[in-house]
Every structure is written in C-alpha cells, then in structure tokens.
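Presented below is the structure to which this report refers.
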Amino acid sequence: MAVDFLSDEQAAGFGRFPDEMSLEDLERFCWLDDADLSVAGRRRGMHNRLGFAVQLATAWVVGRFLTDPLVVPWPVVESLAGQLGIADASVLKLYAQREQTGYEHAAEICAVYGYVDFADPARNEELKLFLSARAWTSSEGPVRLFERAAVWLRERKVLLPGVSTLTRLVSEVRAGANDRLYAVLIDAAGPSLIQELEGLLRVEDGSRLTSRVSVPELLRQLDRLARLRALGAGTVDVEMIRDRPVEVPAPLVAGVAVADQGLGNSG
C-alpha cells in the first residue's frame, strides 16, 4: 500500500473510532436531535433503530461506514440506546443477522443527510484541484496534505476512502507538482545552462567524495563556485518555489542554490 509516509499508528487510526470517547465527545458528536430520532424511529424493531443510529453516528464521527457496523466503542452504543429509549443496548447484536440491512441503512443515510461516495467524479476532481493547489503553493509535506484532504472530504460530506487510496492520491498529486516545478525551472534556465550544470556535477574517474576539506580541495571548490556563478545560474528567477520543498533531483536546483547562497558546506 502507498502509506509509506504515514506511521503505522496513523494508518491504523484512519477512518475508525478513537479508542476512548469522553462524555463531552458523546454529547457533541453522537447527539440525536428530534429529526434524527424521527428518521431512526421509522425502523421496525429496537435492534434496527439502534443499528441505524449507530451507522449515522459512525458517519458523523468516522467519516465513512464501517465494514462491520457493530465495531464501535460500547459507550457510543449505550449513549445512542439511551437517546432512543432502548433499555438493553445489547439488542444491537441482532442487527447483524441480516447483512443487507446495514447496506440499506447506509444508503438511506446518504440520501437523507447528503453524503456522497469518494468515487463521485465531481467531488474527486475538486479534491485533486484542492490538493494540487496546496502542493504547488505551500511547503506542506505529505502527512499534512493527507490530513487536509481528510478534513476537506469530511467538511463536504464525502465518505472517506481506504487509507491506501487517499495516500496514493496525495503521492500522485505531489509528484505532479514536482514535475511541474521541474518543467518551470527547465524553461527558466534553458538547455545550455542545464547542460553546463550537469557537467559540473560529474565526478572525474578515480575521484571520490569526502567530508574532509583540505586546502587543495577548498581551492577546487572555490574554483567550482566561480565557474558556477559565471554560468549565470544565480540569475534564474526561482521566486515561485522559494517556499516549496524541492524533491526533484534537478541539477539546476542545486546550481541555483549554490550560486545564490555561496559555497556552503564542502564535501
């Protein structure tokens, strides 16, 4: 799965209830108003009314429906049962007897409360445009973009996809932004400057990189800096990328940075 930029804990916690929910959380996120009670109350049987309410609270709290709608913290079930006037919350176990019921309730919740699937073409394209704009104009890393994507989806009542689907989208968008950056730099520098910069990065046969700086090596680095500045790399306009992390291994980026900032660390 394309979840390499998320920790195991972050990946495991995505799209699921928190391990613990306080009374304040329950009152804030799992409270059924009169309209909600009316919709849930149309179900036949206490287990179906409670199961519907659990599915609804899951959409509110988690942002999607669970494969097993009963995998929710027990305090959530008890809170919803109390609001529905159901004395024995354990009746919820009967909700799983007919698997199709869960799917039907999820579909009704989407219709009544305005939730749409992640695969919805219009919403999917909007999310891509949003992430592309963030990736191009900000210095946010992949985890932050992932978090922003999840918030964007939930604010618009778009059901969250699987974690690998969303991380893959974030990775693709960031790769596209880096490709665009590379193209802009190439156009700004021109082919001749690129060729000269690539030549400066070549290591002669028999040479090796070292972190120790001798006097001859320092002189060679100063000569290299002088040649680099003479190429005019420092005149390339890179204002549009100064606040963006650069991941493209472009020799132009290194050349412009050295020419603009000085020699820096040798080695």
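In a residue-by-residue description of the stretch 97-111, the property of being without any contact (Cβ under 8 Å) to a residue 60 or more places away in the chain, in a loop (DSSP other than H, G, I, E, B) and not aliphatic (A, V, I, L, M) applies to at least one position. Within the stretch 126-184, being assigned to a loop (DSSP other than H, G, I, E, B) and either at pLDDT 95 or above or under 16 Å from VAL116 (Cβ atoms) (or both) holds for ARG156, LYS157, LEU159, LEU160, PRO161. ASP68 falls short on exactly one of the conditions (1) within 24 Å of ALA150 (Cβ to Cβ); (2) assigned to a helix (DSSP H, G or I); (3) of a type in the set (D, E, K, R), and that condition is (2). The residue that is farthest from ALA89 (Cα to Cα), among those in the stretch 44-75 that are touching a Phe, Trp or Tyr at 6+ places or on another chain (Cβ under 9 Å) and touching a residue at least 60 places away in the same chain (Cβ under 8 Å), is ARG64.
The values are calculated or read from the model by the stated rules, or taken from the named source; none is laboratory data. Since this is a predicted model, take the numbers as computed values, not measurements. Note that each Cβ is placed from the backbone with ideal geometry, even for glycine, and that neighbours are counted across all protein chains shown.
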